Every structure is written in C-alpha cells, then in structure tokens.
DNA sequence: ATCCTCATGTAACACGTTACATGATTAC
DNA sequence: GTAATCATGTAACGTGTTACATGAGGAT
C-alpha cells in the first residue's frame, strides 16, 4: 500500500499520469515514452521505475484499472486505463483555481552569480556554450511547432510549446547580450578578491 | 558523518553554500537569509534545517571552519568561513566547462497541457491569474534592478537578475497572447471528449 | 556478434521538505 | 499581550534517481 498523504491531494506526478492516461489507455512503458515526448520540457521526464510505482498507487486508489495483456513476440504487459473516479480526480484538480509557482533551478545561473570567483573568460565560455544549447533547443521546438500548427485537437500542446519557445528565445537574446558585455568590459583579466 | 558520494563532486547545494560564504563569513541563519535574498529566484531557497545539515557536511570535509560566538542578548551562534581548501573546491567546480541543463517544472503548464479535460474558462482564468503573478514578479525584479545598476561589484548578480527579467517578460507576452486566443476561439464552451 | 527495443520491477540512496522543539529579545 | 526575530537543530517522511536484474525479439 502506498503511504497515506497527510493532506491536500495527490502529488503532482500522479496527476501527470492521470492526465496522460486521459488521452487513452497505455502501458507503463508507453507512458514513459509519452511523457518524454509531451511533457518532459516543462514538467517531467520520469525514471521508468517511478512510472511503475505511480501506477501501482493509482491502481490501489481506484483511479486506474490494470489489464494484463499476454503477448507472444513481446513480453506480457499491463495496460492501464482511467476509471470514472480517476477522471473525477483529474478534473477536480484541474479546476482548483490556485496557480502554483514554477520550480526553476539553474546550476548555470548559480555559476554566473559566483562569477567573481573565477576568470571572466571561464564565464564567457560557459555563456557561449549555453547559447549554443539554446539554439539547438529552439530548432527542436520549431520543428515540433510545425507539426502542431493547424491541428486544433492539439491546441493545448501547441500553447505549452509556445511557452517554451518564448522562454528560450528570451534567453538567447540574454546570452548574446551578456557575452558582448563581458567581452567588452573585461578583455582578459580575472577577479579573485575575496572577503 | 555525511554519506560519501559515489562519484563526481558534491551536490550543487554544497557549492551554493560555499559560494555564498565566498562573500564573507556567516552563520547558518544569515546564510538562509542571504540565499533567500540572492539566489532564491534561480536556484535555491533552502529550508533552515537543510542549511545546518549542509554546514555540518562542509565542516566535516574541511571546506569551512566553524567558530562559536557567544552572545548575550541573542542566542549563541556558529560562524562559518571558507578554508583555502573550500575556496579551491569552489573554483575547481566553477571551472568545469560542462553546462548542465536547467531544471524547470511547471504545474501550471501541466494544467494547460491537459486543458481539454476542463472548461476553457477554467484555463483562461488560470492563465489570467498567472499573468498577474508575473506582473508582480516583474515589478519586484525591476526594483531590484534599480538597486543593482551601476554597482560594478555586483555585476554578476545584475546579470542573473536580467535573466529573470527577460524570462518573466517573455512569459507575460505569452500569457497575454494565450488569453486573447482562447477567448476568441471558444467563447464559453467545453471540450470533454475522451478516449 | 552486438546492440536496441520492449517490458517490468527491486533495492538503496540522496535530497529536500514539513513539523516540531526550544527560548530569549525586541518591536508593535 | 502578541508576534516576529534570532538561532539551531531532530525526526519523519516523500519524491525521485541510480544501479541492477531479467529476458526475448529484431535490427545492424
């Protein structure tokens, strides 16, 4: 049995799984693939083992049902589908008006923040690498955008993708500005004062 | 004794503490306050208890030294300062060229993504509330920006703050677009098809 | 031959949070 | 009087990751 939660609903992860199952029944394995494809960028790219644990919890709670499917050329699998109760839990949650703040954690920005403890070139190099990563990211998202545009049944996926694009484009501009400014301000010198 | 790490350096949290101590010696209590003020937005707003645990680990590792300070009108406290070894660990880490991806997790975007399982008005309302939150956020950051501008000793703090501003401004535009589009596309109707 | 995909899971661990405890001083 | 600040910590818990195990089928 899963640990009882003290108060206030399931962990967000559970709702993510319920939400993915609202698009149709799936195995744990397929759910992992779907999560990686759809919500990994802004929410969750789960470890395989966690998906299976989560599905056991949801089964125990009666929010999904498990169906064993025997296969011959592939390992047997368990298919999960939302119950009415699970659908209810999902839409109840979606309707909670409170908007929680995002979780954002950037080791990269921490390093920048601590920049005075290294040479400026080190920082510049890292911002430049970050800039390249962002460019690749943007290319990927733009490809995905093309496949989502003009498909009204995927409108909400499109909207969240747009958010990612906006964020990355803003950070691209930021990175370019920073590189220029640091290169100008300090052409080859280090701060290592401390105290 | 703290658990030995299997490989490859300390947790990022340790470097955050080392980094904050590079600005000067501090008590656990003061470190928490400093973290909340400086790096909370892009990295870390630690629980009090975690700071103290982290300081014990860093002491054990020889990266900081602990000095007991007796006080009369306040509880006694322990002041921590970086050792040479700690400074070395910090700058070694800063110089690692690998740029790790940010961690981003948005329950808000998950709800948007699952929007077809509720009424559109519910989604619109949440995006509108988010928009307001972002506006407040931007105001706070702009205030901070004013205090940081033209203070070259805080240049790196200024740069990270700019990143936050850019991100929030981009999300503000996104939110405004989304609200308009959803209101136009669907003036008061719900999708609840499933399967 | 070797690797990847499909498919599910166990065990151990690390990180971080919450709740709780203590207790004096200072500000409203 | 009540609350906030200063100051440090313990205990319990929940989440998520990593490493590992198994094993057949299909691709290169």
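Within this structure, residue B:138 fails the test of being more than 10 Å from every other protein chain (Cβ to nearest Cβ), surrounded by 15 or more Cβ atoms within 10 Å (Cβ to Cβ) and assigned to a strand (DSSP E or B). The residues on offer are B:157, B:175, B:146, and the sole one that is within 7 Å of another protein chain (Cβ to nearest Cβ) and either within 27 Å of residue A:124 (Cβ to Cβ) or touching a helix residue (DSSP H, G or I) at 6+ places or on another chain (Cβ under 7 Å) (or both) is B:157. Does at least one position in the stretch B:40-59 carry a residue that is within 10 Å of chain A (Cβ to nearest Cβ), away from DNA strand C (no atom under 13 Å from the Cβ) and in contact with a helix residue (DSSP H, G or I) (Cβ under 9 Å, 6 or more places away or on another chain)? Taking every residue of the stretch B:40-59 in turn, at least one turns out to be within 10 Å of chain A (Cβ to nearest Cβ), away from DNA strand C (no atom under 13 Å from the Cβ) and in contact with a helix residue (DSSP H, G or I) (Cβ under 9 Å, 6 or more places away or on another chain). Here residue B:41 clears all of (1) more than 22 Å from the chain's Cα centre (by Cα); (2) outside any strand (DSSP E or B) except the condition numbered (1).
Are any residues in the stretch A:25-38 crowded, with 16+ Cβ neighbours inside 10 Å, without any contact (Cβ under 8 Å) to a residue 60 or more places away in the chain and more than 7 Å from DNA strand C (Cβ to nearest atom), and if so, which ones? A:26, A:31, A:32, A:34, A:35, listed by residue number.
Residues that are part of a strand (DSSP E or B) and either more than 14 Å from every other protein chain (Cβ to nearest Cβ) or near DNA strand C (Cβ under 8 Å from one of its atoms) (or both) within the stretch A:60-82 comprise A:65, A:66, A:67, A:68, A:69, A:77, A:78, A:79, A:80, listed in sequence order. For the stretch A:83-124, the tally of residues that are more than 16 Å from DNA strand D (Cβ to nearest atom), closer than 30 Å to residue B:93 by Cβ and at the interface with chain B (Cβ under 7 Å from one of its Cβ atoms) stands at 13.
Please work out which residue is farthest from DNA strand C (Cβ to nearest atom), limiting yourself to the stretch B:83-108 and to residues that are touching a strand residue (DSSP E or B) at 6+ places or on another chain (Cβ under 7 Å) and over 30 Å from residue B:126 (Cβ atoms). Looking at residues that are touching a strand residue (DSSP E or B) at 6+ places or on another chain (Cβ under 7 Å) and over 30 Å from residue B:126 (Cβ atoms), I get B:83.
Residue B:66 meets all of the listed conditions (1) in contact with a strand residue (DSSP E or B) (Cβ under 6 Å, 6 or more places away or on another chain); (2) more than 13 Å from DNA strand D (Cβ to nearest atom) but one, namely (2). Restricting the stretch B:97-134 to residues that are in contact (Cβ under 8 Å) with a residue 12 or more places away in the chain and not in a helix (DSSP H, G or I), the residue that is nearest to residue B:63 (Cα to Cα) is B:118.
Of all the criteria given as (1) over 30 Å from residue A:39 (Cα atoms); (2) modelled with pLDDT under 95; (3) surrounded by 15 or more Cβ atoms within 10 Å (Cβ to Cβ), the one not satisfied by residue B:83 is (2).
Look at (1) within 14 Å of DNA strand D (Cβ to nearest atom); (2) free of Cβ contacts under 8 Å to residues at least 40 places away in the same chain and you find that residue A:57 fails only one, number (2). With the condition kept exactly as written, say whether any residue in the stretch A:8-18 is modelled with pLDDT under 95 and either closer than 30 Å to residue A:140 by Cα or within 14 Å of DNA strand C (Cβ to nearest atom) (or both). Yes, some residue in the stretch A:8-18 is modelled with pLDDT under 95 and either closer than 30 Å to residue A:140 by Cα or within 14 Å of DNA strand C (Cβ to nearest atom) (or both).
The values are calculated or read from the model by the stated rules, or taken from the named source; none is laboratory data. Owing to the predicted nature of the structure, the values given are computational and were not obtained by experimental measurement. Neighbour counts are summed over all protein chains in view; Cβ atoms, including those assigned to glycine, are modelled from backbone coordinates with ideal geometry.
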